[in-house]
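A quick write-up on the structure given underneath.
Quick note: the coordinates plus some simple rules give every number you see, no bench work behind them. Nothing here was measured: the structure is a model prediction, and the numbers come from that model. Glycine gets a Cβ as well: all are built from the backbone with ideal geometry, and neighbour counts include every protein chain shown.
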C-alpha cells in the first residue's frame, strides 16, 4: 500500500519556500503555533493606537494597512493571499501601532502571537539566521518601494504596480491603490484612462 505524504498547508508552503531548509517536523511544529481565524469584510485586525500582538498569514482574502494623516486615510499596503500582515514596529517593540489593518473582503487568517513567535527559536536552532534573511528580504522590498517613489514618475509607478498586481485592480477600490502609489484619485484616474485607451 502506498501512503501519500500529507499536503502542506498554504502557511507551511510559505514557510517552506521562505525558509527552505526546515524539515517537515519543524514546519509542523511552527504551524501549530498559529491560530486560525476569520474576518468579515470591514472588520479590523488592528486599530491605530493598539499594540499589535500578532503576525498574521493570509490564507484567503485582502487586508489593507493604512494610517490617518491630517484627517486623510493613507494606504500603506494591501496584503493578499499568501503574505503576512502586521505592524512590524509595534509587533517587535510592543508599542502602540501607527497603522490600522482591516479586511477589504471576507478574509481567513493564521495568526501567531508575539509569545509564540518568540518560541520558534526553541523549535528551530538556526531560526535567528533564517529570520535575519527574511527581514533583509522585507527591507529590500521596502527599499524598492521607496526608490520607485523617489525616482519614477506617477505613470511609471502605475505601470510597474499594474504589471505585478493586475488582479487587484478588479478587487480593491481604486482610491486605495492611488493612495498607496502616492497619487491623488484624479491623477490615478487620468493615468488609468490613458493606459486603457
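By the helix-only formula, in which each DSSP H run with n ≥ 4 contributes -39500 (n - 2.57) and the sum is divided by residues, the chain has a 222 nm mean residue ellipticity of -13000 deg cm²/dmol. Which entry is the computed Cα extents along the principal axes in Å for this structure: (i) 59, 44, 34; (ii) 51, 39, 28; (iii) 81, 37, 31? Answer by label: (i).
Take the Cα of residue 171, step 7 Å toward its Cβ, do the same at residue 38, and the gap between the two points is 1.8 nm.
Placing a label point 7 Å from the Cα of residue 88 along the Cα-to-Cβ direction, the residues of the stretch 95-125 with a backbone N closer than 15 Å are 98-99. Under 20 Å from a label point set 7 Å out along the Cα-to-Cβ vector of residue 142, the amide N atoms of the stretch 162-184 belong to 180-182. Solvent-free Debye calculation, one equal scatterer per alpha-carbon of the stretch 59-170: log10 I(q)/I(0) at 0.21 Å⁻¹ equals -1.48.
Entry note, the stretch 49-121: relative contact order of 45 percent, from Cα contacts under 8 Å with a spacing of 6+ residues. Relative to the longest principal axis of the Cα atoms of the chain, the long axis of helix 185-196 makes an angle of roughly 90 degrees.
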